[in-house]
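Values in this text are rule-based calculations from the coordinates and carry no lab data. Since the structure is predicted, the reported quantities are computational estimates derived from the model, not experimental observations. Cβ placement follows ideal geometry from the backbone for every residue including glycine, while neighbour counts extend to all protein chains displayed.
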Amino acid sequence: MAASLARGEGIEAAELAIRAGLTRLGRGVLEDLLAADTGHRGPRAECGSGHQARFVSYRDKTVDTVPGRVTLTRAWYHCQACGHGLAPKDAGLGVAGQTMSPGLARMSARAGAAVPFAPGAGLAGELAGIELTGRRPGRHAEAGGMAAAAAIQAQAAAITARTLVPLPPPGPLPDKLYIAIDGTGVPMIAAETEGRDGKGDDGKARTRQVKLCCAFTQATVDKDSYPIRDPGSSAYLATFAPAARFGTPMAAGARRRGAGHIRQLVFLGDGAHWIWNLAGQHFPEATQIVDLYHAREHLHDLARLLAFMPGDHHQDWLTTRLGELHAGNIGAIVSAARTFPLAGHKAGELDTAPGYFENNAHRMRYQHFRSLGLFTGSGTVEAGCKAVAGQRLKLSGMHWSVPGATGILTLRCQEASGRWEQIWPQAHNQTGAA
Ligand SMILES: [Zn+2]
């Protein structure tokens, strides 16, 4: 090492060699620590199903840990009644049924949530000298995320049943709590979309819709009266479950953000019925607002559908309507649209485009909402949702299973919500017991 430094090769070789040496040393220390307890609990031990298992012998188990692969020798018991064996020591170490230590599983899940598994393994190797190979780290991350999803679901059910009452958020209460809801498609393996209609060339589905929710608070507006999202207040939630099953975790998440204590509750959505149904069911007192950006998109679509309009007029027409939308004058948009016939649509669909504006008119009083200092667009939130789902699950060539995508999305949502520390131990305890 000294020779390479003296040759002027820089300290890279030395620093890497030192880390490798420390890791080797650490592995030895860990193995010694693990050897201190033989795991012998007497001639008989609880099997976990109410029987007494009999001590058989000492057996080896290899476990991958942060400083590398270690072998632990521990007492092995066999239960006659269950017909299976167990090592009581494994449960205490958190490695029952696992070949990865809790620390390594946590790092592996964190890497797998952030980036695709192959580059994730490369990063862990480069940055921490941790070896993650094969498909196991990916499966671990997915399983950890699924366990986290189950823990969140259980917590949500307890909050709904009021057996668990979340404390109000610390500090002075913000004035407004927003719940922004959106959906986005995640590319799936064929088995997950079988028999589902979709937008593919052959009319078959290639994606499944994941429902995304972001709850965040707003205490103030800036000097130009634009609302400001409280930094660090966003809590994300994602699920492939049908809308009805989305309601419980959504409402629980909102309560954890202070829904029971905050004066003004606002739902932001793209105008889809299921969103308003959920809002009405769980928080009927909340103000409902159609996300302005989605409304604008619908207005562009509507303009394209209007026939017999020459090019120049078309642009003027759209500009005028966008102004009316900004002001929340939905009546003007609808009557302007109804003076033109719609092109290229079946008679039954003629009403749906203007109908979107008619049905949501009370959710598009943008001037009024602005005067109250409210957000009218979920743009930043949507960017957050897109980042949570899109930047990891919608990369080219990716195809997911529903459980796998649920696991990774759950981990990403917890990370983005700053709740990794709360949810990971629970998730790990659940996988550890399996
Ligand atoms: Zn048993």
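What is the calculated FRET efficiency for residue 36 to residue 136, with r their C-beta to C-beta distance and R₀ = 22 Å, to the nearest 0.05?
Rounded to the nearest 0.05, the efficiency is 0.20.
Give me P(r) over segment 363-415, computed from all C-alpha to C-alpha distances, binned every 10 Å, as integer percentages.
Cα pair-distance distribution for segment 363-415, in percent: 21, 35, 20, 19, 5.
For 246, 369, which order do you get if you count the other beta carbons within 10 Å of each Cβ and list the fewest first?
Least to most surrounded, the residues fall as 369, 246.
Could you work out the relative contact order of the chain? I mean the mean sequence separation of Cα pairs under 8 Å and 6+ apart, divided by the number of residues, in percent.
Relative contact order, the chain: 18 percent.
Got a sec? Charge dipole of segment 1-99, +1 on Cβ for Lys and Arg, -1 for Asp and Glu; which of 10, 65, 93 is way out at the positive end?
With unit charges placed on the Cβ atoms, the residue in question is 93.
Just to confirm my understanding: which cysteines in the chain have no other cysteine beta carbon less than 4.7 Å from their beta carbon?
That list is 213, 214, 385, 413.
How many angstrom separate the Cα center of segment 356-405 from the Cα center of segment 38-110?
46 Å
Picking from 115, 149, 184, whose Cα lies most toward the positive end of the charge dipole for segment 79-229 (charges on Cβ: Lys, Arg +1; Asp, Glu -1)?
After comparing all options, I get 149.
Can you put 178, 226 in order, fewest other beta carbons within 10 Å first?
226, 178
Between rounded, prolate and oblate, where does segment 76-178 land on the alpha carbon gyration tensor, with a ≥ b ≥ c its root eigenvalues, rounded for a/c under 1.5, else prolate if a/b exceeds b/c?
Judged from the Cα gyration tensor, segment 76-178 comes out oblate (a/c at least 1.5, b/c at or above a/b).
Please report, in debye to the nearest 20, how large the charge dipole of segment 1-99 is about its Cα centre when each Lys and Arg carries +1 at its beta carbon and each Asp and Glu carries -1 there.
380 debye
Out of 378, 315, 277, whose Cα points farthest toward the positive end of the dipole of the chain (charges: +1 Lys, Arg; -1 Asp, Glu; placed on Cβ)?
277
Might you report the magnitude of the Cβ-based charge dipole of the chain about its Cα centre, with Lys and Arg at +1 and Asp and Glu at -1, to the nearest 20 debye?
That gives a dipole near 1140 debye.
Determine the equivalent ellipsoid of the chain by diagonalising the alpha-carbon gyration tensor, then write out the semi-axes as square roots of 5 times the eigenvalues, largest first, rounded to whole Å.
Largest first, the chain gives 52, 26, 23 Å.
Just want the ordering: 204, 223, from fewest to most Cβ atoms lying within 10 Å of their own Cβ.
223, 204
Enumerate the lysines that residue 204 could reach by cross-link, defined here as Cα to Cα under 30 Å, with residues fewer than 8 away along the same chain left out.
346, 386, 394
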